[in-house]
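Worksheet for the structure shown next.
The values are calculated or read from the model by the stated rules, or taken from the named source; none is laboratory data. Model, not experiment: these values are computed from the prediction. Ideal geometry is used to build each Cβ from the backbone, glycine not excepted, and the neighbour counts take in all protein chains shown.
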Amino acid sequence: MADLLEMTCACGYRRRVRTGGLMRTWEEEAYWPFHCASCGVVEVNIQAPLACPDCGATAVSPYGKAPVSLHQDCDHAYVQAWDYKACRDGHLCPVCGQHDLKFSRDRYSIRAD
Ligand SMILES: [Zn+2]
Ligand SMILES: [Zn+2]
């Protein structure tokens, strides 16, 4: 149910994100990547009122939907947690402002880090 991914962009930006929750606590705590205008990519608890965990802004947009994600019409979602889903590519990068951010699930590099 929980997943650890990395979002990477051609400009060099990368951010590790968790999605979903743990079996015992998912009703209180489950995460999905959101875009905050001030903080960039943040992990928001989707089981609580949506807000940026860093600055408290409530104007956060979930990845996987416009306007922060484009072309989300892939046949199979690359990432999913409850009603939230996203394709692999087409996500807004908070650094360069292009929709070049993509998810990757490279478990080996996460472990080696
Ligand atoms: Zn923020
Ligand atoms: Zn970028």
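Brief remarks follow.
- Per-region count, region 21-38, residues exposed (fewer than 13 other Cβ atoms within 10 Å of the Cβ) and away from ligand 1 (no atom under 16 Å from the Cβ): 6
- Those residues of region 24-34 which are within 20 Å of R105 (Cβ to Cβ) and not hydroxyl-bearing (S, T, Y), in sequence order: W26, A30, W32, P33, F34
- For the criterion of being under 22 Å from R105 (Cβ atoms), surrounded by fewer than 21 Cβ atoms within 10 Å (Cβ to Cβ) and more than 16 Å from ligand 1 (Cβ to nearest atom), R18 passes.
- Test: residue in region 34-56 that is touching a Gly at 6+ places or on another chain (Cβ under 7 Å) and either part of a loop (DSSP other than H, G, I, E, B) or at pLDDT 95 or above (or both): no
- Whichever residue in region 78-113 is among the small types (G, A, S) and over 13 Å from the mean Cα position of the chain (by Cα) and, among such residues, is modelled with the highest pLDDT: G97
- You will find that of L5, L70, the residue that is within 15 Å of A86 (Cα to Cα), touching a helix residue (DSSP H, G or I) at 6+ places or on another chain (Cβ under 9 Å) and away from ligand 1 (no atom under 16 Å from the Cβ) is L5 and no other.
- Boolean, G12 is at pLDDT 95 or above, within 16 Å of ligand 2 (Cβ to nearest atom), surrounded by fewer than 13 Cβ atoms within 10 Å (Cβ to Cβ) and at positive phi: yes
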